[in-house]
1. Any chance region 57-67 includes a residue that's at pLDDT below 95, surrounded by 11 or more Cβ atoms within 10 Å (Cβ to Cβ) and within 14 Å of the chain's Cα centre (by Cα)?
2. Looking only at residues that are surrounded by 16 or more Cβ atoms within 10 Å (Cβ to Cβ) and either over 13 Å from the mean Cα position of the chain (by Cα) or among the charged types (D, E, K, R) (or both) in region 12-33, which one is farthest from ASP78 (Cα to Cα)?
3. Looking only at region 91-108, count how many residues are loosely packed, with under 14 Cβ neighbours inside 10 Å and touching a residue at least 12 places away in the same chain (Cβ under 8 Å).
4. Considering only residues that are part of a helix (DSSP H, G or I) and touching a helix residue (DSSP H, G or I) at 6+ places or on another chain (Cβ under 8 Å), which ones fall in region 1-39?
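The values are calculated or read from the model by the stated rules, or taken from the named source; none is laboratory data. Values in this document were obtained by computation on a predicted structure and should not be read as measured data. We place every Cβ from the backbone using ideal geometry, glycine too, and count neighbours over all the protein chains shown.
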Amino acid sequence: MPKLISLIKKKTHLSDEDFKSYYETYHAPLIQKLFPMLSDYKRTFLPSSQMLFGELTLQSAINESTYDVITELWFKNDADLEAFMTHASKAEILEAIRDDEAHFLLSESTVTYKVAES
């Protein structure tokens with residue numbers, strides 16, 4: 001089952017709560033409307049207040065999250081993923097997404113991976 005994973009950074013002036021609220025209230029419904037070929041769409045928010053520190057976390061001593069949400073997009077098959085990519089490349093679709101993203105996230109910081117889920 002093909003899947004896309006995106007690591008997303010919020011705009012710095014937004015609180016974790018405001019970021020999550022905008023994403024869930026406006027952006028997620030927009031994406032679901034624009035891309036009916038998605039078989040599942042999940043967001044895992046990474047609030048700064050829940051970040052673990054110390055030796056047992058096996059991480060460097062940083063005090064700021066690199067990303068604020070992990071977004072996962074599942075597709076039933078490669079054809080649905082290809083349809084998603086084709087649709088997302090249309091100027092009007094990309095413009096609608098980027099216009100909405102400008103309210104709450106840093107598009108230029110987003111990192112996306114194509115993975116296969118077993």
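1. Yes, that holds for at least one residue.
2. Within region 12-33, the match that is farthest from ASP78 (Cα to Cα) is LEU14.
3. 1
4. If the condition is that a residue be part of a helix (DSSP H, G or I) and touching a helix residue (DSSP H, G or I) at 6+ places or on another chain (Cβ under 8 Å), then ASP16, TYR26, HIS27, LEU30, ILE31, LEU34 are the ones that fit.
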